[in-house]
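FYI, it's all coordinate maths here, none of it is from the lab. Treat the numbers as computed from the prediction; the structure is a model and nothing was measured. Methodologically, a virtual Cβ is constructed for each residue, glycine included, from the backbone with ideal geometry; neighbour enumeration extends over all protein chains shown.
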Amino acid sequence: MTVRPATTDDAGALRDLERLLFGLDAWSLDSVRDEVLADHVVVCDEGDTITGYVATRPADQVLDLLRIGVHPQGRRAGVGTLLLAQVPTTIPVLLEVSAANEGAIAFYVIRGFVEIDRRRRYYRDGTDAVVMRRTAQ
């Protein structure tokens, strides 16, 4: 597995992975390109296949973790952990995750994130968003 900054050549594969993982809430190709061009995306790949990615964005005194996406075939293989390790620990990190995504919530809790809020009916399918925070270490 290789971890590297995403390039615009990755945009199509990232958009396809977004669709697979997030359905109606997936980013468009233009949104993916914007994040890549802003140097906010890191990918994990094996050969020519992107197995996962992480997207972050600085916001005032915190870092927003916008996405961690891991292809279903790459789950439970350390890809998510490897990607989260790319997120700085020297600044507080905020994220939102679907309340229905119990696996992701457990993943974040084990790695020091705590629930700080809920956003009701946040996602297009009507599920709540769990807002989580990891303090700077």
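Considering region 32-52 alone, what residues qualify as being outside any loop (DSSP other than H, G, I, E, B), without any contact (Cβ under 8 Å) to a residue 40 or more places away in the chain and touching a strand residue (DSSP E or B) at 6+ places or on another chain (Cβ under 9 Å)?
Of region 32-52, the ones outside any loop (DSSP other than H, G, I, E, B) are 32-37, 41-46, 49-52.
The next check asks that each one be without any contact (Cβ under 8 Å) to a residue 40 or more places away in the chain; those that pass are 32-37, 41, 49, 52.
Scanning region 32-52 gives Val32, Glu35, Val36, Val41, Gly52.
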I need the full set of residues from region 2-28 which are in contact (Cβ under 8 Å) with a residue 12 or more places away in the chain, among the aliphatic types (A, V, I, L, M), surrounded by 14 or more Cβ atoms within 10 Å (Cβ to Cβ) and not in a strand (DSSP E or B), in order please.
Ala6, Ala11, Ala13, Leu14, Leu17, Leu21
